[in-house]
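Q: Encoded as structure tokens, here's the structure I'll be asking about.
Throughout, read-outs are computed from the coordinates displayed, never taken from laboratory work. Everything numeric here is computed off the predicted structure, so don't read it as measured data. As a convention, Cβ positions derive from the backbone with ideal geometry for all residues, glycine included, and neighbour counts pool all protein chains shown.
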Amino acid sequence: MDLAELQKQLASQQGKLPPVDKWDPKFCGDIDLEIKHDGSWHYMGTPIGRQALVKLFASVIKREGDDYFLVTPVEKVGIRVADSPFIITQWQQQDGQLVFTTKTEDVFVVSMTNPVKLKVDITTGETLPYALVRTNLWARLHQNVFYQLTELGTEQLKDGCKQLIVQSGDYHFSLGKL
């Protein structure tokens with residue numbers, strides 16, 4: 001599959017997501033649902049074992065400020081997120097582009113539309129790379145993915161310090177300071 005076919009396939013997948021950004025239902029309260037630091041989803045303290053249910057919830061998550069919600073056209077409920085709602089667990093390189101896949105099977109091409117930025121991990125306080133999955137929803141790179149991507153990086157001077165820079169097409173991003 002070439003890059004154009006891949007982008008077409010990804011665009012069709014993204015079109016299947018509910019338009020949560022257009023929904024503004026009334027707030028119905030918080031529920032005891034938490035996305036842990038490792039990306040696992042828990043309801044009332046118990047891990048949700050059905051991946052299909054987790055994927056469904058992940059498709060209707062919305063972030064407003066620092067708060068996360070599950071939304072439908074008629075209701076919005078608050079949930080807790082330890083750091084970020086998604087974890088990048090897989091990657092591949094195709095025609096010079098990096099394609100990331102989250103634990104909940106969101107797939108996207110790393111680019112200006114889906115950039116990678118260094119952010120502070122709320123739980124650990126470390127500065128780590130995160131990728132924008134969709135509107136205002138970020139994913140932390142799993143440690144294995146991070147280390148695999150370091151093999152692609154080159155040392156460059158950026159913002160006055162040495163950083164490890166990785167390229168995806170015409171887009172370049174930092175994995176951190178050296």
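Q: For the chain, what is the relative contact order in percent, using Cα pairs closer than 8 Å and at least 6 residues apart in sequence?
A: Values: 330 pairs, mean separation 30.3, N = 178.
Value for the chain: 17 percent.
Q: Could I ask something else about it? At Arg50 and Glu151, where each label point lies 7 Å from the Cα along Cα→Cβ, what is the point-to-point distance in nanometres?
A: Calculated label separation equals 3.8 nm.
Q: Label Ile165 and Lys177 with points 7 Å out from Cα along Cα→Cβ: what is the distance between them in nm?
A: Taking the two extended label points, one gets 1.8 nm.
Q: Let me ask something else. Bin width 10 Å, alpha-carbon pairs only: give the P(r) of the chain as whole percents, running from 0 to the bin holding the largest distance.
A: In whole percents, the pair-distance histogram is 9, 36, 34, 17, 4.
Q: Of Leu128, Leu98, Leu152, which has the largest mean-square fluctuation in a 10 Å C-alpha GNM of the chain?
A: Leu152
Q: Let me ask you something else. Using just the helices of the chain, give the 222 nm mean residue ellipticity in deg cm²/dmol: DSSP H runs with n ≥ 4 each add -39,500 (n - 2.57), and the total is spread over all residues, rounded to 500.
A: Numbers: 3 runs with 29 residues, N = 178.
-4500 deg cm²/dmol, from helical runs alone.
Q: Tell me, what HN-Hα J-couplings in whole Hz come from the Karplus equation 6.51 cos²θ - 1.76 cosθ + 1.60 at θ = phi - 60° for each residue of the stretch 105-121, using x for Gly and Pro?
A: 6, 6, 10, 7, 8, 5, 6, 5, 6, 10, x, 10, 10, 7, 9, 8, 5
Q: Relative contact order, percent, of the stretch 86-177 when contacts are C-alpha pairs under 8 Å separated by at least 6 residues?
A: Working: 177 pairs, mean separation 24.0, N = 92.
Result for the stretch 86-177 is 26 percent.
Q: Considering the chain as a Gaussian network with a 10 Å cut-off on Cα pairs, which listed residue, Ile122, Ile87, Ile165, attains the greatest mean-square fluctuation?
A: Fluctuation is largest for Ile122.
Q: Still on this structure: Residue-wise, which Karplus ³J(HN,Hα) couplings in Hz belong to the stretch 35-50, taking 6.51 cos²θ - 1.76 cosθ + 1.60, θ = phi - 60°, and x for glycine or proline?
A: Rounded to whole hertz, the list is 9, 6, 4, 7, x, 7, 9, 10, 10, 6, x, 10, x, 7, x, 8.
Q: Something else: Based on DSSP, what percent of beta bridges with both residues in the stretch 86-177 are antiparallel, to the nearest 5? All intermediate terms of the calculation are to be shown ahead of the outcome.
A: Values: 29 of 32 bridges.
Given both bridge residues lie in the stretch 86-177, the antiparallel proportion sits at roughly 90 percent.
Q: Of the listed pairs Lys103/Lys177; Lys76/Lys177; Lys55/Lys177; Lys22/Lys103; Lys26/Lys55; Lys55/Lys119, which have alpha-carbon separations greater than 31 Å here?
A: The pairs that break the limit, which is 31 Å between Cα atoms, are Lys76/Lys177; Lys55/Lys177.
Q: From the phi of every residue in the stretch 65-79, what ³J(HN,Hα) in whole Hz does the Karplus formula 6.51 cos²θ - 1.76 cosθ + 1.60 yield, where θ is phi - 60° and glycine or proline is x?
A: In residue order, the calculated couplings are x, 9, 9, 10, 9, 9, 10, 10, x, 10, 8, 9, 10, x, 10 Hz.
Q: Under 10 Å, Cα contacts only: if you run a Gaussian network model on the chain, which one of Thr101, Thr46, Thr89 comes out with the highest mean-square fluctuation?
A: Largest GNM mean-square fluctuation: Thr46.
Q: Can you give me the distance in nm between label points at Glu75 and Trp23, each placed 7 Å from the Cα along the Cα-to-Cβ direction?
A: Using points 7 Å along Cα→Cβ, the separation is 1.1 nm.
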